[in-house]
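Here's the structure we're looking at; comments come further down.
The values are calculated or read from the model by the stated rules, or taken from the named source; none is laboratory data. If you're wondering where the values come from, they're calculated on a predicted model, not measured in any experiment. Here the Cβ positions follow ideal geometry from the backbone for every residue, glycine too, while neighbour counts run over all protein chains shown.
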Amino acid sequence: MKMSLQEFLDWPSKRITLLAMSGAGKTTLANKLPKANWFHYSGDYRIGTRYLREPILDNIKRQAMSVPFLRELLLSDSIYISNKITVDNLAPVSTFLAKVGDPAKNGLSLQEFKRRQQLHHQAECAAMNDVPEFINKAQDIYGYPHFINDAGGSVCELDCPDVIEQLAKNTIIIYIKIPPVLEQTIIERAKTDPKPLYYREAFLDEKLNEFMHLNNYASTDEVPPDEFVTWVFPELFKSRLPRYQAIADQHGYTVDANEAAAVKTEADFIKMISDALAKQS
């Protein structure tokens, strides 16, 4: 939502959505706010514990069933499988998304990869649409005066205007913009630790075909999963920046990642947003 600086300062129950590329510091910033005053809603946590919970467990069970010792115990109900997703540990979500490519290198077929991507898309839309309900729960049940929505890095990829409008109606959207000097740092970090990612299908098709053509791969089953993720990340990074900015320009405000990193207290956080509202009003 858009509001004047004075309206924001007078707002008794502040509700903020943080929007940025993974690695820009959204979760770090949210964790600096006092837990007694701010309800921390993590989109990725909601995705993993609510909307992808069953597919994630099915994926783990499928792997366990390939081990004879575990297969026997599972079939006799001697053991059960669960996961321990937390706001700070979202590994089960990543392992479910996985990577496209050579099955001998733990890659998925293109068909299975796209199926999981679609499930993640539906889950992320649903998780963001849950924000108004959790704003009410945070106040009504738990008594939190303020609410912070730590949105996933792929929210800008959803192409669901209704989702963004819902967030803009119920929260102030703050886009944490990465300055050029830090862009390469995030890109290099992603190259050294290539993680599973969500891609728009049109982007995936275009870049996967380009990668295969450059390396003379005849089939996606020949693609080294980590090599593709490492190669495509800078392209994904570049494609997301104007999408984030468009959302901020229409529905919210922009702050610099260095400003966000400098926040140490709740007062610093409020001042950062106040400065953004004053500058862009």
Under 8 Å between Cβ atoms, at least 6 apart or on separate chains: pull out the pairs that start in the range 209-238 with a residue that is over 23 Å from Thr192 (Cβ atoms) and in contact (Cβ under 8 Å) with a residue 24 or more places away in the chain and end on any residue that is surrounded by fewer than 19 Cβ atoms within 10 Å (Cβ to Cβ) and among the hydroxyl-bearing types (Ser, Thr, Tyr).
Thr220/Ser109; Asp221/Ser109
Exactly one of Glu133, Glu124, Glu112 is without any contact (Cβ under 8 Å) to a residue 24 or more places away in the chain, assigned to a helix (DSSP H, G or I), closer than 19 Å to Thr95 by Cα and of a type outside the set (A, V, I, L, M), and that residue is Glu112
Go through the range 85-131 and give me each residue that's at pLDDT 95 or above, small (Gly, Ala, Ser) and under 12 Å from Leu197 (Cα atoms).
Ala98
Among (1) in a helix (DSSP H, G or I); (2) surrounded by fewer than 14 Cβ atoms within 10 Å (Cβ to Cβ), the one test that Lys84 misses
(1)
The range 139-161, residues that are more than 11 Å from Tyr198 (Cβ to Cβ) and aliphatic (A, V, I, L, M)
Ile141, Ile148, Ala151
For Thr185, which of the numbered conditions (1) modelled with pLDDT of 95 or more; (2) surrounded by fewer than 20 Cβ atoms within 10 Å (Cβ to Cβ) fails to hold?
(1)
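Mind telling me which of the residues Asp205, Asp221 ends up being in contact with an Asp or Glu (Cβ under 9 Å, 6 or more places away or on another chain), surrounded by 12 or more Cβ atoms within 10 Å (Cβ to Cβ) and acidic (Asp, Glu)? First the steps, then the outcome.
Working: Asp205 fails: in contact with an Asp or Glu (Cβ under 9 Å, 6 or more places away or on another chain).
Matching residue, one of Asp205, Asp221: Asp221.
So which residues in the range 141-166 are under 15 Å from His40 (Cα atoms) and not polar (S, T, N, Q), if there are any at all?
Kept after step one, since they are under 15 Å from His40 (Cα atoms), are these residues of the range 141-166: 141-152.
Ile141, Tyr142, Gly143, Tyr144, Pro145, His146, Phe147, Ile148, Asp150, Ala151, Gly152 - these are the residues of the range 141-166 that are under 15 Å from His40 (Cα atoms) and not polar (S, T, N, Q).
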Members of the range 197-244 found to be β-branched (Val, Ile, Thr) and under 20 Å from the mean Cα position of the chain (by Cα), listed by number:
Val229, Thr230, Val232
Which number in (1) of a type outside the set (Asp, Glu); (2) surrounded by fewer than 13 Cβ atoms within 10 Å (Cβ to Cβ); (3) touching a residue at least 60 places away in the same chain (Cβ under 8 Å) marks the one condition that Pro180 misses?
(3)
Only one of Thr27, Thr17 is touching an Asp or Glu at 6+ places or on another chain (Cβ under 6 Å) and β-branched (Val, Ile, Thr); which?
Thr27
Within the set of pairs 6 or more residues apart or between chains, which connect a residue that is of a type in the set (Ser, Thr, Tyr) inside the range 195-206 to a residue that is in a helix (DSSP H, G or I) with Cβ atoms less than 6 Å apart?
Tyr198/His120
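Out of the residues in the range 1-50 meeting the condition of being in a loop (DSSP other than H, G, I, E, B) and among the hydroxyl-bearing types (Ser, Thr, Tyr), tell me which one is surrounded by the most Cβ atoms within 10 Å (Cβ to Cβ).
So in the range 1-50, the residues in a loop (DSSP other than H, G, I, E, B) come out as 1-4, 11-14, 20-25, 32-37.
Pick out the ones that are also among the hydroxyl-bearing types (Ser, Thr, Tyr) and you get 4, 13, 22.
Working: Ser4: 11, Ser13: 11, Ser22: 18.
Per the stated criteria, the residue is Ser22.
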Whether any residue in the range 137-153 is in a loop (DSSP other than H, G, I, E, B), under 30 Å from Ser219 (Cβ atoms) and modelled with pLDDT under 95 is what I want to check.
yes
